[in-house]
1. ALA79 passes all but one of (1) at positive phi; (2) not in a loop (DSSP other than H, G, I, E, B); which number fails?
2. Please find, among ALA23, ALA49, ALA30, ALA80, the residue that is out of contact with any Leu (no Cβ under 9 Å at 6 or more places or on another chain) and either in contact (Cβ under 8 Å) with a residue 60 or more places away in the chain or not basic (Lys, Arg) (or both).
3. Quickly run through region 154-163 and pick out the residues that are touching a residue at least 12 places away in the same chain (Cβ under 8 Å) and over 22 Å from the mean Cα position of the chain (by Cα).
4. Within region 140-155, track down each residue that is open to solvent by 70 Å² or more (accessible area, probe 1.4 Å), of a type outside the set (Asp, Glu) and either modelled with pLDDT of 80 or more or assigned to a loop (DSSP other than H, G, I, E, B) (or both).
5. Being among the polar types (S, T, N, Q) and either part of a loop (DSSP other than H, G, I, E, B) or open to solvent by 20 Å² or more (accessible area, probe 1.4 Å) (or both) is the filter here; which residues of region 86-116 pass it?
6. Restricting to region 18-53, give me the number of residues that are over 17 Å from GLY133 (Cα atoms) and open to solvent by 50 Å² or more (accessible area, probe 1.4 Å).
7. Looking for something within 18 Å of the chain's Cα centre (by Cα) and free of Cβ contacts under 8 Å to residues at least 12 places away in the same chain - is there at least one such residue anywhere in region 142-153?
8. Quick check: is even one residue across region 57-64 polar (S, T, N, Q), open to solvent by less than 20 Å² (accessible area, probe 1.4 Å) and in a loop (DSSP other than H, G, I, E, B)?
Amino acid sequence: MSTSFDYLDRLEAEAIHILREVAGQFERPALLFSGGKDSIVLTRLAEKAFRPGRFPFPLVHVDTGHNFPEVLQYRDELAARLGEKLVVRKVEDTIKRQRLREPGGKYPSRNPLQTYTLLEVIEEFEFDACIGGARRDEEKARAKERIFSVRDEFGQWDPKRQRPELWNIYNGRIQKGENVRVFPISNWTELDVWRYIQRENIPLPDIYFGHERTCVVLPSGQLLGLTEHLQLDDEDEIVTRQVRFRTVGDSTCTAAVESDARTVEDIIQDLLLAKVSERGATRLDDNISEAGMEDRKRNGYF
């Protein structure tokens, strides 16, 4: 029997090792689940790490109220299929409870307000580790973050407090009130994720594949799916295009890309020709400033 590993086997083994380290080092971990491809891959890795037992953590979703309906439906179906606990907390409830200001503008995004809801749910359940699907290839602020990323009692990230992770040794020691954000697929690329989805035959929300959608053409030329949350003007250009989504975040700040890709194989071919990262091509909230993501992370964002 062959014992050779390809690169996907090595990435998988590393991620499983990290998930088991979380289970071994922390008392109350959670897996932050958005219904996107990266968190879906994390659930498959968790199955391989812990089955036939139950996951040693619940799935937690911070619902902005601006999520794509296809993703919410998939979220509920996957949690039911896995038989795992799903905790959903809504940004809208946090806005009312903390009297936060609703975002304004033509494309009002609740993404920055997710931080408040995330910190609330961490406090509610006393989570000491939150697992997420962030990857270093997505954005430069994420590129310099460790796999075990320590956050202070306010959920804030300090780049100067990053710990060395030599020889795949992860230090999860924290003080009371602190927590750790854990990124098992940090070393994966977008292409790695799709090749793993292909290998494992993982089902995904239909929104990831080419489909016809009514969109608003932004001044940048990007296509934003038409939703009830957008504040449009009479001069806005509305078109119907064949599109897919490379990432699924808040519908008011996540642009689609034109594509006829109907299968995972088609998407892999698209990516081999792509010249812009998935967040660079689709996420409006990352373009607020040069350090937009890093500023949000310093304030407690995932």
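The values are calculated or read from the model by the stated rules, or taken from the named source; none is laboratory data. None of the values given here were measured: they were computed from a predicted structure. Note that we place each Cβ from the backbone using ideal geometry, even for glycine, and neighbour counts take in every protein chain shown. Ligands, DNA and RNA are excluded from the accessible area calculation, which covers all protein heavy atoms including side chains. Shrake-Rupley method; radii C 1.70, N 1.55, O 1.52, S 1.80 Å.
1. Only one criterion is unmet by ALA79, namely (1).
2. The conditions single out ALA23.
3. Once the filter is applied, which keeps residues that are touching a residue at least 12 places away in the same chain (Cβ under 8 Å) and over 22 Å from the mean Cα position of the chain (by Cα), region 154-163 yields only ARG163.
4. Of the residues in region 140-155, the ones open to solvent by 70 Å² or more (accessible area, probe 1.4 Å) are 140, 144, 146, 153-154.
Next, only the ones that are of a type outside the set (Asp, Glu) stay: 140, 144, 146, 154.
Correct list: LYS144, ARG146, PHE154.
5. Within region 86-116, GLN98, SER109, GLN114 meet the criteria.
6. Taking region 18-53 and keeping what is over 17 Å from GLY133 (Cα atoms), we get 24-28, 50-53.
Then drop every residue that is not open to solvent by 50 Å² or more (accessible area, probe 1.4 Å), which leaves 24-25, 27-28, 51-52.
The total comes to 6.
7. Taking every residue of region 142-153 in turn, at least one turns out to be within 18 Å of the chain's Cα centre (by Cα) and free of Cβ contacts under 8 Å to residues at least 12 places away in the same chain.
8. Yes: one or more hits.
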